[in-house]
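Peer 1: Structure below; questions to follow.
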Amino acid sequence: MAITFYEKNRLFKLDTPNASYLFAVGEGNYLLHVYYGAYFPDTAIAPMVFRSDYASFSPDAAGAPEAHFSLDVSMAEVSGNGVGDYRLSTVVLRYPDGTDATDLRYVSHRILPGKPALEALPHIYLQSEEDADTLEITMQDPATGVKFLLYYTVFRNLDVMVRSLRVVNDTDKTVWIEKAHSLCCDFPENNFDLIHLYGKWAKERSVQRLPLMQGIQSAASKRGASSHFHNPFLCLARKETGEENGECFGFNLIYSGNFSADAEADGYGGTRVSVGINPVDFGWQLLPGDSFQAPECVMVYSAEGLGAMSRTFHRLYRKHLIRGAWQYRKRPLLLNSWEGCYFRFDEEKILQLAKDAKELGMEMLVLDDGWFGHRDDDTTSLGDWFVNEKKLKGGLAPLVKKINDLGLQFGIWFEPEMISPDSELYRAHPDWCVQIRGREKSLGRNQYVIDMTRADVRDNLFMQMKQVLDSCPIAYVKWDFNRNLTEPASLALPPERQKEFFHRFILGTYELQERLLQEYPDLLLENCAGGGGRFDAGMLYYSPQIWCSDNTDPIERLSIQFGTSLCYPPSSMGAHVSTSRRTGYDTKAAVALWGTFGYELDTAELSDEEKEIVKQQVAFYHQTYDTIHNGDLYRLIAPEDNGFTCAWNFVSEDKKSALLTVVIMRRREFQTLIVRLRGLQADALYRCSATGQTYTGAFLMGAGINFSDSDMNSDGKSAVLYFEQID
Ligand code: DGJ
């Protein structure tokens, strides 16, 4: 059993293979955090209950005057508001009398086998009840009677815990939630480094590692999407922690809307991590009898560096978040029309792409933006999801039939959450777009956002998409989202519920994606948001792959893919070979192989020699697919490590194969370059498929491969070596 409750000292002990997490019911029934770190079997924890010395500015806890302890200096499992803990609150409620003190006390608990599912929100699921157990703790505010349920799902074979919180109003008065974060995790020290992922359009999820400073540091979004700028991921690492050594704690919210992931180093030397829906622009009216479920937050522990933390996230997401027909099915190698054609195509051009794609060995043709309404540029037609017959005469069905007859599958692009002012839909339903009455609406990429909080809007979008998807065999949908929200309100919501708008918006998006998947269980969905503007665990629940970035330059892509891999599996990263500048097709493919792999270019511009190269790449993709998609990633040299080389290797789950990639970002004169692989079986013999040379795993991991004398030393060069075990 991964969860134990010790009655005598009212202690909870949650164990994963390498980590223990302890907390206790303290004086006044406050829930006090005790420990999170390396696993130990002992339970004699009394001396571990940390309490700093404090002075008069830290008030005594109201529920425990004799015990003379202060919430201000104690570690908490959940933190209320206005009752003596001045650090980040987990939950803040406002009551009918206008006050917002929120006090949470332990009432009872249950240990449940397996894990309860979450309604309407993306969540971690189990393959079998044996995978994990769940602790449910009921807490209550003694003054108001409002209840709070804390959930801890504890995995038996992965160093993973999943936390969430539910607010239950079984009082007879309406209350308003002003903040409902998903977890609070306290540490007794604050000499950590804080790692998070930041960026912008075309430079998403770069890694930033800085010493944790006094005060609150926050990664957050209030854009209506998790965004290009910050990601709902945070990691606390010990100072000495590196890629392969040292302790670190990763936190990732399973959510695609506004979030905040905060770390606070306090004056007494402790740290609090608090992650959840961004309280800015959030509020929720909770009527008597209603409850509110906050999204799940995943916690990963690693004692073996950032690499092991990432591999745990990857396994968890591949096996317990991504789902459906495409979870393990081999994804089709596709040619996407966007970078090759943009809006300039007709039936003939698409057919030419399809014929070339087939000849080159690809498996699917994806028709990107521009096929609907009267869309010839980005100023029109979003919302009019019917075929632009000026471009595609006779509609989609005959075109798709010809493509299918070639032996290729067909995929198509939608941007359902958007509406162009120049569209039939907008003219018919101007009230369907996100807006505040009496306020001018801001355009973004010439478009407005459609009101996903409304069921009638979602029904209309579903019916329009259904008409297209039923009109011919469509195996894949790319779901795009090309601007952030402004004037965030719904004409359909009453004033007292307008603060619910952002959360209701993303719930609406989730609902529509779920409905599509229920209707078309074989559909492969790829999410996208102007590149990687919504690359998060919430989206992975609906789509096993997400377009990683609009930046397809292979050198620029390195830091984007390395950063993304801190938390998200390579098999989920949309990555294509394109005509972008700088390197040859070999390096473009070397980098795109890290992810889903595909092409995004005008095949008519490829020379015969380049076509031969593409054919070889396609064959290599099939040979290495399993090692990459179902294997483990080892980041060997990160782009920022030395500024000129970057290297990584994949190892299959059974360690029978490995793929090593080395990229020279910038040439250096007389530079020794030895790359040592990781994660192999030391005593096994591996043969390199390119050279036929055999090596032991120990040699490859110890002596490594020497690239110093090769012809590698020029800008943008790369090497990709595939190794297979021989008996
Ligand atoms: C942004 C996406 O990231 C691109 O791949 C492409 O689909 C365009 N939108 C189309 O407008």
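The values are calculated or read from the model by the stated rules, or taken from the named source; none is laboratory data. Fair warning: this is a prediction, and the values are worked out from it, not measured in the lab. With ideal geometry, Cβ positions are generated from the backbone for all residues, glycine too; neighbour counts draw on all protein chains shown. Keep in mind that these areas ignore ligands, DNA and RNA; they rest on the heavy atoms of the full protein, side chains included. Shrake-Rupley method; radii C 1.70, N 1.55, O 1.52, S 1.80 Å.
Peer 1: Once you sort the root eigenvalues of the Cα gyration tensor of segment 161-257 as a ≥ b ≥ c, which label holds: rounded (a/c under 1.5), prolate (a/b larger than b/c) or oblate (the other case)? Show your work: numbers first, answer last.
Peer 2: Details: a/c = 2.43, a/b = 1.47, b/c = 1.64.
Oblate shape, in that a/c is at least 1.5 and b/c is the bigger or equal ratio.
Peer 1: When ranked by the protection proxy of mean other Cβ atoms within 10 Å per residue, highest first, what sequence do the peptides 541-553, 480-492, 154-166 form? Before the final figure, lay out each step's value.
Peer 2: On the way: 541-553: 24.5, 480-492: 19.9, 154-166: 21.8.
So the order, starting with the most tightly packed, is 541-553, 154-166, 480-492.
Peer 1: May I pose another question? Please list, ordered by chain and number, the residues whose modelled amide H lies under 5 Å from the amide H of residue 61; skip anything fewer than 5 residues away on the same chain.
Peer 2: 69, 70, 71
Peer 1: Calculate one ³J(HN,Hα) per residue across segment 33-39 by plugging θ = phi - 60° into the Karplus curve 6.51 cos²θ - 1.76 cosθ + 1.60, and present them in order as whole Hz with x for glycine and proline.
Peer 2: My calculation for segment 33-39 gives 6, 10, 7, 9, x, 4, 4 Hz in order.
Peer 1: Helix-only mean residue ellipticity at 222 nm, the chain, DSSP H runs n ≥ 4 weighted -39,500 (n - 2.57), per residue, nearest 500. What is it?
Peer 2: Working: 13 runs with 140 residues, N = 727.
Helices in the chain give a 222 nm mean residue ellipticity of -6000 deg cm²/dmol.
Peer 1: DSSP loop GluC sites (Glu not before Pro) in segment 498-540 with at most 16 other Cβ atoms within 10 Å of their Cβ, which ones?
Peer 2: Details: sites: 500, 511, 514, 519, 526; in loops: none.
Listed in order of number, the matching sites amount to none.
Peer 1: Further question on the same structure: Using the basic label-point model (7 angstrom from Cα toward the beta carbon), what is the residue 654 to residue 173 distance in nanometres?
Peer 2: Label at residue 654, label at residue 173, 6.4 nm between them.
Peer 1: Lys/Arg Cβ at +1, Asp/Glu Cβ at -1, dipole of the chain taken about the Cα centre: which of 177, 322, 16 is farthest positive-ward?
Peer 2: Most positive-ward Cα: 322.
Peer 1: Please label the shape of segment 341-420 as rounded, prolate or oblate, based on the square roots a ≥ b ≥ c of the eigenvalues of the alpha-carbon gyration tensor (a/c under 1.5 means rounded; beyond that, a/b larger than b/c means prolate, else oblate). Before the final figure, lay out the partial values.
Peer 2: On the way: a/c = 2.08, a/b = 1.92, b/c = 1.09.
Prolate is the answer for segment 341-420, as a/c is 1.5 or above and a/b outweighs b/c.
Peer 1: Oh, and also: At 1.4 Å probe size, with no ligands or nucleic acids counted, give the accessible surface of residue 539 in Å², nearest ten.
Peer 2: Surface open to solvent at residue 539 totals about 0 Å².
Peer 1: Right, next: Once you've got the Cα coordinates, tell me which of 355/615; 319/615; 203/588; 115/319 are over 22 Å apart. Walk me through the numbers on the way to the answer.
Peer 2: Working: 355/615 14 Å; 319/615 32 Å; 203/588 17 Å; 115/319 15 Å.
Violating the 22 Å Cα-Cα cut-off are 319/615.
Peer 1: Output ³J(HN,Hα) for segment 199-205: one whole-Hz value per residue in order, computed from phi by the Karplus curve 6.51 cos²θ - 1.76 cosθ + 1.60 with θ = phi - 60°, and x for Gly and Pro.
Peer 2: Working through the residues one at a time gives x, 6, 4, 6, 8, 7, 6 Hz.
Peer 1: OK, next. Could you go through segment 429-434 in sequence order and give the Karplus-derived ³J(HN,Hα) for each residue, using 6.51 cos²θ - 1.76 cosθ + 1.60 with θ = phi - 60°, rounded to whole Hz, and x for Gly and Pro?
Peer 2: My calculation for segment 429-434 gives 9, x, 6, 7, 9, 5 Hz in order.
Peer 1: Cut-off 16 Å, label point 7 angstrom out along Cα-to-Cβ of residue 291: give me the residues of segment 96-118 whose amide nitrogen falls inside.
Peer 2: Within reach of a label on residue 291, which here means backbone N under 16 Å from a point 7 Å along Cα→Cβ, segment 96-118 contributes 107-113, 115-118.
Peer 1: Here's another thing I want to ask about it. May I ask you to derive the FRET efficiency for residue 605 and residue 377 from their Cβ-Cβ distance with R0 = 25 Å, giving the value to the nearest 0.05? All intermediate terms of the calculation are to be shown ahead of the outcome.
Peer 2: Details: r = 22 Å, r/R0 = 0.88.
Here the calculated transfer efficiency is 0.70.
Peer 1: Work out the P(r) tail for segment 376-454: percent of alpha carbon pairs separated by more than 22 Å, whole number.
Peer 2: On the way: 1155 of 3081 pairs.
Summing the P(r) of segment 376-454 above 22 Å gives 37 percent of all pairs.
Peer 1: Ok, one more. Could you tell me whether segment 271-429 comes out rounded, prolate or oblate from its Cα gyration tensor? Rule is a ≥ b ≥ c as square roots of the eigenvalues, rounded for a/c under 1.5, then prolate if a/b exceeds b/c, otherwise oblate.
Peer 2: Details: a/c = 2.84, a/b = 1.45, b/c = 1.95.
Taking the square roots of the gyration eigenvalues as a ≥ b ≥ c, segment 271-429 is oblate.
Peer 1: How large is the direction-averaged shadow of the alpha-carbon convex hull of segment 102-141, in nm²? Write down the numbers at each step before the final one.
Peer 2: Numbers: hull surface 15.1 nm².
Across all orientations, segment 102-141 yields a mean hull projection of 3.8 nm².
Peer 1: I need the Kirkwood Rh of segment 365-519: take the reciprocal of the average 1/r across all distinct C-alpha pairs and report it in angstrom. Could you put the intermediate results ahead of the total?
Peer 2: On the way: mean 1/r = 0.0613 Å⁻¹.
Averaging 1/r across every pair of different Cα atoms and inverting gives 16.3 Å.
Peer 1: How large a share of the accessible area of segment 389-450, in percent, is made up of carbon and sulfur atoms when the probe is 1.4 Å and the other protein chains stay in place?
Peer 2: Values: 1440 of 2880 Å².
Answer for segment 389-450 is 50 percent, counting heavy atoms of protein chains only.
Peer 1: Against the globular-protein guess of 2.2 N^0.38 Å, express the Cα radius of gyration of the chain as a ratio, rounded to two decimals.
Peer 2: Details: Rg = 26.6 Å, N = 727, 2.2 N^0.38 = 26.9 Å.
Output field value: 0.99.
Peer 1: While we're on this one: Can you give the extra length, in nm with one decimal, that the chain gains between residue 493 and residue 344 once fully stretched, where that is 0.36 nm per residue apart less the Cα-Cα distance?
Peer 2: Values: separation 149, 0.36 × 149 = 53.64 nm, distance 4.03 nm.
Extra length from residue 493 to residue 344 when fully extended: 49.6 nm.
Peer 1: With the full set of protein chains in place, find how many percent of the accessible area of segment 265-371 is carbon and sulfur; take the probe as 1.4 Å. Mind showing how you got there, number by number?
Peer 2: Numbers: 1490 of 3070 Å².
Looking at segment 265-371 in its full context, I get 49 percent from C and S.
Peer 1: Let me ask something additional. Which whole number in µm²/s is D for segment 321-368 by Stokes-Einstein, with the Kirkwood Rh taken over Cα pairs at 37 °C and 0.692 mPa s? Could the numbers behind the result be given before it?
Peer 2: Numbers: Rh = 12.0 Å.
Calculated translational D: 273 µm²/s.
Peer 1: Take the Cβ-Cβ distance between residue 208 and residue 156 as r, set R0 to 45 Å, and report the resulting FRET efficiency rounded to the nearest 0.05. Display every interim value, and only then the final one.
Peer 2: Working: r = 33 Å, r/R0 = 0.74.
Rounded to the nearest 0.05, the efficiency is 0.85.
Peer 1: Round to a whole number: what % of the accessible area of segment 497-544 belongs to carbon and sulfur, probe 1.4 Å? Don't jump to the answer; show the numbers that get you there.
Peer 2: Values: 540 of 1110 Å².
C and S atoms contribute 49 percent here.
Peer 1: Quote the accessible area belonging to residue 657 in square angstrom, nearest 10, computed with a 1.4 Å probe and with ligands, DNA and RNA left uncounted.
Peer 2: Its heavy atoms expose roughly 10 Å² to the probe.
Peer 1: Also, I was wondering about something else. Kindly provide the GluC sites (Glu not before Pro) of segment 328-408 that DSSP labels as loop, not H, G, I, E or B, and whose Cβ sees at most 16 other Cβ atoms within 10 Å.
Peer 2: Details: sites: 339, 347, 348, 359, 363, 389; in loops: 363, 389.
Sites meeting the loop and neighbour criteria: 389.
Peer 1: What is the dipole size for the chain, taken about its Cα centre, with +1 at each Lys and Arg Cβ and -1 at each Asp and Glu Cβ, in debye to the nearest 20? Working shown, then result.
Peer 2: Working: 73 positive and 98 negative charges, 85 e Å.
It works out to roughly 400 debye.
Peer 1: Multiplying the sequence separation of residue 670 and residue 97 by 0.36 nm and subtracting their Cα-Cα distance, what value in nm do you get?
Peer 2: Values: separation 573, 0.36 × 573 = 206.28 nm, distance 7.39 nm.
Length gained between residue 670 and residue 97: 198.9 nm.
Peer 1: Additional query: List the residues whose amide H sits under 5 Å from the amide H of residue 192, counting only those 5 or more places along or on another chain, with H placed 1.01 Å from N in the peptide plane.
Peer 2: The list, which skips near neighbours in sequence, is 212.
Peer 1: With labels modelled as points extended 7 Å from the Cα through the Cβ direction, what inter-label distance (nm, one decimal) is found for residue 689 paired with residue 709?
Peer 2: So the label points at residue 689 and residue 709 sit 2.7 nm apart.
Peer 1: Tell me, in nm to one decimal, what length is gained between residue 616 and residue 518 on full extension, where the rule is 0.36 nm per residue of separation less the Cα-Cα distance?
Peer 2: Values: separation 98, 0.36 × 98 = 35.28 nm, distance 3.74 nm.
Difference between extended and current length: 31.5 nm.
Peer 1: Turning to a different aspect of this structure: Just the accessible area per residue of the chain, please: how many Å² with a 1.4 Å probe? It would help to have the intermediate numbers written out before the result.
Peer 2: Numbers: 26180 Å² over 727 residues.
Heavy-atom SASA per residue in the chain reads 36 Å².
Peer 1: Per the Debye formula with a single identical scatterer at each Cα and no solvent contribution, what log10 I(q)/I(0) holds for segment 187-334 at q = 0.15, 0.18 Å⁻¹?
Peer 2: -0.88, -1.16
Peer 1: In whole Å, largest first, what are the principal axis extents of the Cα atoms in segment 425-488?
Peer 2: Ordered largest first, segment 425-488 gives principal extents of 44, 22, 20 Å.
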